[in-house]
Amino acid sequence: MSQLSSKVPSTATAPHDVLVVGGGIIGLVTAWRSAQQGLRTAVVDPAPGRGAAQVAAGMLAAVTELHYGEETLLALNLASADRYPSFAEELTEASGEDLGYRSCGTLSVALDADDRAHLREVHALQQRAGLASEWLSGRECRRLEPMLAPGVRGGLRADDDHQIDPRRLAKALLIACERAGVTFHREWAARLSVIRDRAAGVALTDGTELTAGRTVLAGGSHTALLTGLPEEVAVPVRPVKGQVLRLRIPDAYAPFLQRTVRAVVRGSDVYLVPRENGELVVGATSEEQGYDTTVTAGGVYELLRDAHELIPGITELPLVETIAGLRPGSPDNAPLLGPTALPDLLLATGHHRNGVLLTPVTGDAMAQVLTTGELPEAARPFTPKRFGARQEQTV
Ligand code: GLY
């Protein structure tokens, strides 16, 4: 086929059983699991494997990211954290790629009396939720992590919060999908096709129409930009910008940190995630700026300022990368998983701060719903229909 004729829009592509719109880690895990079930699966994305996973630090932080009012989400987060070791083993086997899974634990610290009071409340919340975390004095924190600032006033040790390298995770999922026979359409999806009141696939920006038995929207924060969605399908997902830095720990400084260290400084989260390969990820801002991924001087300044208060020695390290990405925020900070009000249209998005953590359980839930029509028990609270119902109640 000539280059010219390959550009001619097609309207008669082979139908798929499942079309996944979005090739980030959530779209890829959905596609991989779908293909493993014997479903003919395709992914639509101009650059599969890219997206928020290229920015994320990869904390598997069910304990230290627990917030008030998010107990339902906690159950899903814990289920996915439990699932991670076997998921990582299976994906490594399927892809031949190491995922950088590291069961290193996390230390949340307080820098002043206000922070300490806040962290005490967090500890009480964790205890009420039955989570394992231990209160440490400032001295005990520094014994664990000697690079901590001398002024650290206390901390919480959470040995169950681990990490993975999201870039390796994305690469491995891409390979696993290819090996499982997933087809890739490297183009943007422009519009959902609805035929006889059912989702029927998508039209791409080059005019190609892709048809499918089921369409899964898994494009992170971009899911809300797809046109053609009927009014009854609410996709209340918005971009929440996060700026992140990557530093390098030279051999002479290793081991710089043994575990993830985090704090809330002046109301903003800051965390430092040390990888075995010498990378140190420092994150992250949380900004409501629409679809903007500009790295700003202010964002970098605030991250370095807060991280420096925690670990003064970071100013010695080479700064190798600054990057910004978009979390798919949802109104209750929890994902939207499974069927929508439109038959044959499903969602797998809205994972907000927990996309990397929730990857295993999302894959399991989407495989089950695609094969049986039913979400597993643990995923039912996250039906996208919860938002449709709320809107009706408020009318
Ligand atoms: N889970 C960390 C973040 O979203 O910044």
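The values are calculated or read from the model by the stated rules, or taken from the named source; none is laboratory data. Note that this is a predicted model, so its numbers are computed, not measured. Positions of Cβ are generated from backbone atoms using ideal geometry, with glycine treated the same way; all protein chains shown enter the neighbour counts. Note: accessible area is taken over every heavy atom of the protein model, side chains too, but ligands, DNA and RNA are not part of it. Shrake-Rupley method; radii C 1.70, N 1.55, O 1.52, S 1.80 Å.
Let me know the shape class of the range 121-247, please: from the alpha-carbon gyration tensor, a ≥ b ≥ c as square roots of the eigenvalues, rounded when a/c is under 1.5, otherwise prolate if a/b is greater than b/c, or oblate. Prolate, since a/c reaches 1.5 and a/b exceeds b/c. Considering only LEU210, LEU66, SER286, the residue lying farthest towards the positive end of the dipole of the chain is LEU210, judged by Cα position with unit charges set on Cβ.
Computed over the alpha-carbon atoms, the range 256-383 gives an Rg to Rh ratio of 1.08, Rh here being the Kirkwood radius from the mean inverse distance. About its Cα centre, the dipole of the chain is roughly 260 debye, where the only charges are +1 on Lys and Arg Cβ and -1 on Asp and Glu Cβ.
Each Lys and Arg Cβ is given +1 and each Asp and Glu Cβ -1; about its Cα centre, the range 255-395 then shows a dipole of about 280 debye. Relative to the longest principal axis of the Cα atoms of the chain, the long axis of helix 385-394 makes an angle of roughly 90 degrees.
Applying the Karplus relation 6.51 cos²θ - 1.76 cosθ + 1.60 with θ = phi - 60° to the range 321-335 yields 3J(HN,Hα) values of 7, 10, 7, 10, x, 10, 6, x, x, 10, x, 10, 6, 10, x Hz, where x marks Gly and Pro. Based on Cα atoms of the range 111-190, Rg over Rh with Rh as the Kirkwood radius reads 1.27.
Find the percent of Cα-Cα distances in the range 291-335 that exceed 18 Å, and round it to a whole number.
Details: 460 of 990 pairs.
Tail of P(r) above 18 Å: 46 percent of Cα pairs.
Taking only the Cα atoms of the chain, the ratio Rg/Rh comes out at 0.99, with Rh defined as the Kirkwood radius. By how many degrees, 0 to 90 and rounded to 10, does the Cα axis of helix 71-95 deviate from the longest principal axis of the chain? Tilt relative to the chain: about 70 degrees. For the range 1-158, the Kirkwood estimate of hydrodynamic radius, built from reciprocal distances between every pair of different alpha carbons, is 19.5 Å.
Using only Cα coordinates, the Kirkwood hydrodynamic radius of the range 38-124 works out to 16.4 Å.
With contacts defined as alpha carbon pairs under 8 Å and 6 or more residues apart, what's the relative contact order of the chain in percent? Mind dumping the intermediate values first?
On the way: 892 pairs, mean separation 90.8, N = 395.
23 percent.
Ranked by solvent-accessible area (1.4 Å probe, protein heavy atoms only, all chains present), the residues ASP197, ASP160, ASP269 order from largest to smallest as ASP197, ASP160, ASP269. The C-alpha atoms of the chain define a longest principal axis, and helix 166-179 lies at about 30 degrees to it.
Residues with beta-carbon under 10 Å from that of GLY100, excluding GLY100: net charge, scoring Lys, Arg +1 and Asp, Glu -1?
On the way: positive: ARG102, ARG167, ARG168, ARG275; negative: GLU97, ASP98, ASP165, GLU276, GLU279.
Net charge in that neighbourhood comes out at -1.
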